[in-house]
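The values are calculated or read from the model by the stated rules, or taken from the named source; none is laboratory data. Every value quoted in this text rests on a predicted model; they were computed, and no experiment measured them. Backbone-built Cβ (ideal geometry, glycine too); neighbour counts: all protein chains shown.
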Amino acid sequence: MKVAFIGLGNMGSHMARNLLRARHDVTVWNRTLAKAEDLRAQGAEVAQSPAEAAKEVEVVITMLADDHAVESAVLHPGGVLESLPKGAAHISMSTISVALSRKLAEEHAKRGHQYVAAPVFGRPEAAEAATLFVVVAGGKVAVERLKPLLEAVGQRVFVMGDKPEMANVVKLSGNFLIASVIESVGEAVALTRQYGVDPQQFVEFLTNSLFAAPVYKTYGGIIADEKYQPAGFKIRLGLKDIRLALAAAESVDVPLPVASMIRDHMLTAIARGMEDMDWSATAKLAAENAGLK
């Protein structure tokens, strides 16, 4: 397919490369153009704006940091909507709000475009290896048409429903659960450390017995080794996702008391200078609160 890929951060750059490896025709745009130039040698075309990237393509994929970045690249002057051909599709793979996903669906429908939401689960190393988990929602015809692109960047695609925002709320709920794991493992490691238990041994026990799941292994290892930099996913982005989960919950009168606590802990961590660390650094906050070095 002829694809425009918008957003070449820690995740997007790897995903665009995997689309090139799958022999799709890819045009890229990134706010920092140097990142786009890195892909030129691998066969990508480089556009000077989102609107230029979206000209004459079948599909635009956005993988951007937040609602503001997506709105700027798609809805604002010089954005995707200015030039995306009628009948083309937009795959939003960013972690965005339910409200923005609904707005994007409405704006694309007015112009005869297809729109699906397909956020992903996985850290940059999974993006590089094309082993992301993709959750997608949207019209059945559009989802089936676009599956080859999703399969090129992930190991499995999960269809969540016919309304795009269904995939967004699954992504936000999943990130809330990951943050809950980070919080609870961080607190448990602080407790066991205070009694002299080696954190690596404790995490090895947990992840090879009671909690033998990827999220516990990944974040348990980071917490035990205290490897919060370089950040695979910065704590400020984690805070953004928890806030979006809380907003989605409030809009349908669903209380999320644990998410509220995690939001406050993330704010505390940022106030203590941890904003450029991985979001698992909330475990560092738990250790500091326990008086551990």
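Being outside any helix (DSSP H, G or I), crowded, with 20+ Cβ neighbours inside 10 Å and among the small types (Gly, Ala, Ser) is the filter here; which residues of the stretch 122-149 pass it?
Scanning the stretch 122-149 gives GLY122, ALA137, GLY138.
Taking MET15, is it touching a residue at least 60 places away in the same chain (Cβ under 8 Å) and not assigned by TED's automatic domain parsing to the domain that holds ALA248?
Values: touching a residue at least 60 places away in the same chain (Cβ under 8 Å): yes; not assigned by TED's automatic domain parsing to the domain that holds ALA248: yes.
Yes: the conditions hold for MET15.
Exactly one of (1) in contact (Cβ under 8 Å) with a residue 24 or more places away in the chain; (2) surrounded by fewer than 18 Cβ atoms within 10 Å (Cβ to Cβ); (3) of a type in the set (S, T, N, Q) is unmet by SER184. Its number?
All conditions are met except number (1).
Quick test of your reading of the structure: THR207 fulfils all but one of (1) touching a Lys or Arg at 6+ places or on another chain (Cβ under 7 Å); (2) touching a residue at least 24 places away in the same chain (Cβ under 8 Å); (3) polar (S, T, N, Q). Name the failing condition by number.
(2)
When only residues in the stretch 111-121 that are small (Gly, Ala, Ser) and in a loop (DSSP other than H, G, I, E, B) count, which is farthest from LEU64 (Cα to Cα)?
Filtering first and then ranking leaves GLY112.
Scan the stretch 242-262 residue by residue and report those that are closer than 25 Å to PRO164 by Cβ and part of a helix (DSSP H, G or I).
The answer is ILE242, ARG243, LEU244, ALA245, LEU246, ALA247, ALA248, ALA249, GLU250, SER251, ALA259.
State which residue is nearest to LEU246 (Cα to Cα) when the search covers only the stretch 192-233 and only residues that are surrounded by 15 or more Cβ atoms within 10 Å (Cβ to Cβ) and aliphatic (A, V, I, L, M).
Among them, the one singled out is VAL215.
Based on this model, can you work out whether MET266 counts as more than 19 Å from VAL120 (Cα to Cα), of a type in the set (A, V, I, L, M) and either in a loop (DSSP other than H, G, I, E, B) or touching a His at 6+ places or on another chain (Cβ under 7 Å) (or both)?
Taking the combined requirement at face value, the residue does not satisfy it.
Counting only residues that are buried (at least 19 other Cβ atoms within 10 Å of the Cβ) and within 21 Å of ASP67 (Cα to Cα), which one in the stretch 15-35 is nearest to the chain's Cα centre (by Cα)?
That would be MET15.
Every residue in the stretch 36-84 that is surrounded by 18 or more Cβ atoms within 10 Å (Cβ to Cβ), closer than 16 Å to ALA105 by Cα and of a type in the set (A, V, I, L, M), please.
VAL59, VAL60, ILE61, VAL70, ALA73, VAL74, VAL80, LEU81, LEU84
Quick check on ILE91: is it in contact (Cβ under 8 Å) with a residue 12 or more places away in the chain, more than 22 Å from ASP278 (Cα to Cα) and either among the small types (Gly, Ala, Ser) or not assigned by TED's automatic domain parsing to the domain that holds ARG243 (or both)?
Considered against the rule, which asks whether it is in contact (Cβ under 8 Å) with a residue 12 or more places away in the chain, more than 22 Å from ASP278 (Cα to Cα) and either among the small types (Gly, Ala, Ser) or not assigned by TED's automatic domain parsing to the domain that holds ARG243 (or both), ILE91 comes out as yes.
Would a scan of the stretch 235-251 turn up a residue that is in the same structural domain as SER173 (by TED's automatic domain parsing), over 15 Å from ALA188 (Cβ atoms) and touching a strand residue (DSSP E or B) at 6+ places or on another chain (Cβ under 6 Å)?
no
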